Amino acid sequence: MIRPLYTFSGILLAPFIGLWLLKRAARGKESLPRLRERFGHAGVMRPPGRVVWLHAASVGEVQSVFTLVRSLLLRHADIHVLITTGTVTSASLVAQQELPRTLHQFVPVDTYPAARRFLRHWRPDLVLWVESEFWPQLLWQVKKRGIPALLINARISENTAANWHRWPRTFRKLVQVFHAIFAGSERDAARLSALGAPQVQDAGNLKYDAAALAVDHDALTDIKRMIGNRRVWVAASTHANEEQRIAEIHHKLVTQFHDLLTIIVPRHATRGDSLATDLRSQGAILAQRSKNEPITEKTGIYLADTMGELGLFFRLSELVFIGGTLIAHGGHNPLEAARLDCAIITGPHMHNFATILQHFQRHKAIRLVRDPAELQVMVALLLRDKSQRQDLARRAVELVREAQGASEKILQEIDHQLSRRESAHAHA
């Protein structure tokens, strides 16, 4: 009964979904010129030959698959990759990669007409579904057409698993779409298997295989020249109610470290102007990157309110605090800083990356603080002690290197599924 009810409700709610998308577009959360893609209308023609469709919901998921996509394109010169995402930011991230033979579309809303329209146009030869955002209508349509599908980097939290235990048959129906499931961790594999998911294996987390964040070397040289020999630390991917605390910590630390420069990289660069006003009202001597304001000897805080430059700022400092962790947001990916030889500090709210955090803690490759007061003490300690900074950074780099390999395991299964499909078509 669930499937026909879900299908009928999607058709019934279609006009309201359209209004909702228009409201999101007005707030900059949807691309108005490309809004038709959300209803399954293709924005570009399907290329000839084989197409692999990869769905990654948002920024974190799509960042984790670029290494996999590059390897896939190298192994199969005749294949095009279609990447779908659900956010404007993730779409921009895909565009920045300039991947050959790769197209981007916004994922269609999960209604029967939109899903059917999307799949009729793209006719993918293989579907790669990243992590845990299940869209029933799309998955049912994939199964109906006999398209092989893999769930990769699969993760499922304890709360989500508990919720699915109330609907075990529905969950099994959904995941039976997938010919194989590659879990991001041993714990995720166990939870998925307990729910009845078939052919689950722990492949490791794709996030460990991602390449180091890119950098504009001219910009790096320019900022290094402005900073000179000053002590630097970075507060990365910060959120509202964190930047003010970081500024307060800076004001206290500067009494011990007179040359200190604090770089704040807000998660949402559009907050830059209002944030600059707030921090200046606190007495901060601040330079704003989006306005090309230079770093001078008097600059205490550099507000890095631009998109796609996190790799630049991680290369400017040996010490990084991961934002979204002093508040109950859930944190951000520490692997990006680890790859660039940074000593890493995080606050208590790191539940979005709980498994990765535990991995870091087991290897003593991260420092966890409970509040801003402890953060101030820890930053002071690590600014003063170079050997501790270097030991933390070394442990993090080694941890990342040892945990790599998920991409190759998944690529072997991709090769297998593509070969089976090609063979089936040859004998049809």
Is it true that LEU72 is in a helix (DSSP H, G or I), over 13 Å from the mean Cα position of the chain (by Cα), in the same structural domain as ILE147 (by TED's automatic domain parsing) and not β-branched (Val, Ile, Thr)? yes
With respect to ARG36, is the statement that it is crowded, with 16+ Cβ neighbours inside 10 Å, part of a helix (DSSP H, G or I) and assigned by TED's automatic domain parsing to the domain that holds ASP110 true? no
Just to check your reading of the model, which residue among SER31, SER58, SER92, SER64 is touching a Leu at 6+ places or on another chain (Cβ under 7 Å), in the same structural domain as TRP135 (by TED's automatic domain parsing) and hydroxyl-bearing (Ser, Thr, Tyr)? SER64
GLU408 passes all but one of (1) in contact with a Ser or Thr (Cβ under 9 Å, 6 or more places away or on another chain); (2) surrounded by 14 or more Cβ atoms within 10 Å (Cβ to Cβ); (3) of a type outside the set (Val, Ile, Thr); which number fails? (2)
Residues in the stretch 128-169 that are within 14 Å of ALA189 (Cβ to Cβ) and either among the hydrophobic types (A, V, I, L, M, F, W, C) or in contact with a Gly (Cβ under 9 Å, 6 or more places away or on another chain) (or both): how many? 8
Might you check whether a residue that is modelled with pLDDT under 95 and among the polar types (S, T, N, Q) occurs anywhere in the stretch 326-343? yes
Give me the helices (runs of 4 or more DSSP H) completely within the stretch 160-233, filtered to those with at least 2 residues that are surrounded by 18 or more Cβ atoms within 10 Å (Cβ to Cβ), modelled with pLDDT under 95 and charged (D, E, K, R), ordered by residue number. 186-194
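Conditions tested, residue by residue: (1) under 20 Å from LYS364 (Cβ atoms); (2) touching a residue at least 24 places away in the same chain (Cβ under 8 Å); (3) in contact with a Lys or Arg (Cβ under 6 Å, 6 or more places away or on another chain).
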site	(1), (2), (3)
ARG389	yes, yes, no
ALA393	yes, yes, no
ARG401	yes, no, no
GLN417	no, yes, no
ARG421	no, yes, no
Residue list for the stretch 313-371, restricted to those being within 22 Å of ASP216 (Cα to Cα) and of a type in the set (S, T, N, Q): SER317, ASN333
Go through the residues of the stretch 109-126 one by one and say whether even a single one is within 18 Å of the chain's Cα centre (by Cα) and closer than 29 Å to GLU408 by Cβ. no
Residues that are over 22 Å from HIS104 (Cα atoms) and among the basic types (Lys, Arg), drawn from the stretch 9-42: LYS23
Under 9 Å by Cβ, and 6 or more places apart or on different chains, what pairs join a residue from the stretch 1-30 that is farther than 30 Å from ARG271 by Cα with one that is surrounded by fewer than 11 Cβ atoms within 10 Å (Cβ to Cβ)? ILE2/ARG169
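The values are calculated or read from the model by the stated rules, or taken from the named source; none is laboratory data. Please read these numbers as outputs of a predicted model, since none were measured by experiment. All Cβ positions, glycine included, derive from the backbone under ideal geometry; neighbour counts span all protein chains shown.
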